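*Asks:* What follows is a structure written as C-alpha cells; I'll ask about it next.
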Amino acid sequence: MRHRIAVVGGGPAGLTFARVLHRHDHPFTVLERAPSPDARPPGGTLDLHEGLGQFALDKAGLLAEFQALSRPEGQAMRILDPDGTVLRDWRPRPDDLANPEIDRGQLRDLLLGPLAVQWGRGVTQVVPGTRDGVRVDFADGRQEAFDLVVGADGAWSRVRPAVSSVTPHYTGVTSVETSLDDVDTRHPDLARLIGDGSLSVYGVNRSLTAQRNSGGHVKVYAKFRAPLDWHTNLDLDDVEAARSSLLALFDGWAAPVLDLLRHGAAFVHRPIHVLPVSHTWTHVPGVTLLGDAAHLMPPLGAGANLAMLEGAELAESIAAAGSGDLDKAVRAFEERMWARAGRWAKITAAGLERLVSPDPAEAVALFDQVQPS
C-alpha cells in the first residue's frame with residue numbers, strides 16, 4: 001500500500017511538492033486553511049532561479065508553461081541615490097533567463113492545475129507517534145491520521161512545534177508595503193523611473209523598492225530599522241496617516257522617489273522575522289518541514305526558490321521509496337535541506353544587514369557583487 005501523505009499549506013512549497021507527487025501518480029492530501037485560492041491577496045512578484053525554482057518546475061513538468069508566463073525583462077534593476085541620481089541601471093540580455101519574474105498569483109494557478117486541494121482546512125496541531133500514525137487536529141474539531149505530514153505552512157507554522165520549539169524572531173527591520181495600479185497610464189513618470197523591473201533607493205538605515213508586476217501593477221516596499229512596536233500610536237488602516245508617517249521617515253529624498261509613497265493605495269505592515277540561521281531539529285518520524293516553516297529567511301529572493309526545490313526533492317524521494325522505507329527517505333532529505341538552507345540563511349542574513357545599513361554604499365556594493373555591470 002502507498003503511504004498516506006499530507007502536506008499542510010498551499011503556497012509554493014506545498015503545491016510544488018503536490019505537483020511532483022501527482023506527476024509520479026502518488027496519492028497525497030493538500031490541506032490549506034484559506035477557504036479558496038483567491039481568499040487572500042497572492043502577494044508580489046517572484047524571481048525564479050535556474051538552479052532552484054525553475055529546476056523544481058522542470059521536475060513538475062511545468063517549465064515550458066512557466067517560461068510562457070514569466071517576464072525575463074523583469075530582471076532589470078535600477079538603483080538611485082536618495083537625491084534621485086542614477087547609480088546603477090542594469091538590464092538583462094534578451095536571452096537572459098537566469099531569474100525571470102512571475103506574479104505569485106500566476107505561479108499559484110500554474111502549480112494548482114489539476115490538484116484537488118482541501119480548502120478551509122485549518123490545522124491547529126500535529127501529534128506524531130499515535131497508534132494510527134501522525135494525528136492532525138483541525139480547527140473544526142475533526143482529526144485525521146497520516147503516515148507523513150509535511151509542514152509547508154509558512155513562518156508561523158502549526159506543524160513546526162511537532163519537531164522544534166524554535167519560533168521566528170524579529171530582525172529589527174520592518175517593511176511597509178503599498179502598491180500602484182495601472183502605473184503606465186496613471187503615473188507614466190513613475191513607470192519610466194521604475195523601468196521594466198525594479199527600482200531601489202538606499203539611505204541611512206532605510207530603503208525604498210518598487211517592483212513591477214504584470215498588468216501595470218507595482219509593489220512598493222519601504223524598509224527601515226525600528227522597534228517591533230514602532231507603529232503603536234499609528235493606525236495603518238488610516239491611509240493618509242500612514243502615508244504622512246512614511247513621508248516623514250523619508251523626508252529629504254527626491255520628490256519622484258517619494259511619489260512612490262504619495263500615490264500608494266493602502267499600507268500593510270510586514271515586520272521581517274527569521275528563524276535561526278542554523279535551524280535544524282532532531283528527526284521525528286512522520287513529520288518534516290519545507291520552506292519558511294523550516295528556515296524562514298529575509299525576503300531577498302531565496303525563500304520561495306528553496307521552498308519549491310525542497311518540495312520537488314522530497315516528493316521525488318517519496319516516490320522513489322514507493323512502499324519501502326519512507327522514514328529513511330525523509331531523514332536523508334532533511335540532511336540535504338539543512339546543509340543548503342544553512343548556506344542561504346547566512347547569505348540572506350548578511351544581505352539584509354547591508355541593504356538596510358547605516359552606510360548606504362554597502363547596498364550598492366552588494367549589488368555589484370551579485371550583479372556586476
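*Asks:* Work from the charge dipole of segment 123-165 (Cβ charges, +1 for Lys and Arg, -1 for Asp and Glu, about the Cα centre) and give the residue of Ser157, Val134, Phe146 farthest towards its positive end.
*Replies:* Working it through, the farthest residue towards the positive pole turns out to be Ser157.
*Asks:* Here's a follow-up. Segment 176-242 to segment 290-338: how many Å between their Cα centroids?
*Replies:* Using only Cα atoms, the two centres lie 33 Å from each other.
*Asks:* Say each of Gln371 and Ser36 gets a label point 7 Å from the Cα, pointing the same way as Cα to Cβ; how far apart are those two points in nm?
*Replies:* Here the answer is 3.7 nm between the modelled labels.
*Asks:* Within segment 67-157, which trypsin sites (Lys or Arg not before Pro) sit in a loop by DSSP and count at most 16 neighbouring Cβ atoms inside 10 Å?
*Replies:* Passing both the DSSP loop test and the Cβ count: Arg131, Arg142.
*Asks:* On average, how much accessible surface per residue is there in the chain, in Å², for a 1.4 Å probe, leaving out ligands, DNA and RNA?
*Replies:* Per-residue value: 44 Å².
*Asks:* Could you work out the relative contact order of segment 1-155? I mean the mean sequence separation of Cα pairs under 8 Å and 6+ apart, divided by the number of residues, in percent. Kindly include the intermediate steps, with their values, before the conclusion.
*Replies:* Details: 263 pairs, mean separation 52.3, N = 155.
Reported as a whole number, the value is 34 percent.
*Asks:* A further question on this structure: Show which aspartates and glutamates lie in cross-link reach of Lys59 when reach means a straight Cα distance below 15 angstrom and same-chain residues fewer than eight apart are skipped.
*Replies:* Asp25, Glu50, Glu310, Glu313, Glu316
*Asks:* Give me the net charge of Leu46's neighbourhood, meaning all other residues with Cβ under 9 Å from the Cβ of Leu46; Lys, Arg count +1, Asp, Glu -1.
*Replies:* Details: positive: Arg104; negative: Asp47, Glu101, Asp103.
Net charge in that neighbourhood comes out at -2.
*Asks:* Which whole-number percent gives the relative contact order of segment 231-373, counting Cα pairs below 8 Å spaced six or more residues apart?
*Replies:* RCO, segment 231-373: 19 percent.
*Asks:* Same structure, new question: Quick check: net charge around Ala302, other residues with Cβ under 12 Å of its Cβ, Lys/Arg +1 and Asp/Glu -1? Don't skip to the answer; put the middle values down first.
*Replies:* Numbers: positive: Arg340, Arg343, Lys346; negative: Asp47, Asp292, Glu310.
Within the 12 Å Cβ shell, the charges total 0.
*Asks:* Of the residues Met297, Met308, Met77, which exhibits the maximal mean-square fluctuation in a Gaussian network model of the chain defined by a 10 Å Cα contact cut-off?
*Replies:* Checking each option, the largest mean-square fluctuation is seen for Met77.
*Asks:* Could you tell me the relative contact order of the chain? Use alpha-carbon pairs under 8 Å, at least six residues apart, and round to a whole percent.
*Replies:* 23 percent
*Asks:* A follow-up question, please. Per residue of the chain, what 222 nm ellipticity follows from adding -39500 (n - 2.57) for every DSSP H run with n ≥ 4, rounded to the nearest 500?
*Replies:* Values: 12 runs with 128 residues, N = 373.
When only DSSP H runs of four or more count, the value is -10500 deg cm²/dmol.
*Asks:* Okay, next question. Summing Lys, Arg as +1 and Asp, Glu as -1, what charge do residues with Cβ under 14 Å from the Cβ of Leu63 carry, Leu63 excluded?
*Replies:* Computed value for this residue: 0.
The values are calculated or read from the model by the stated rules, or taken from the named source; none is laboratory data. This structure is a prediction, so every number in the text was calculated from the model and none was measured. So basically every Cβ, Gly included, is an ideal-geometry build from the backbone, and we count neighbours across all protein chains shown. Note: accessible area is taken over every heavy atom of the protein model, side chains too, but ligands, DNA and RNA are not part of it. Shrake-Rupley method; radii C 1.70, N 1.55, O 1.52, S 1.80 Å.
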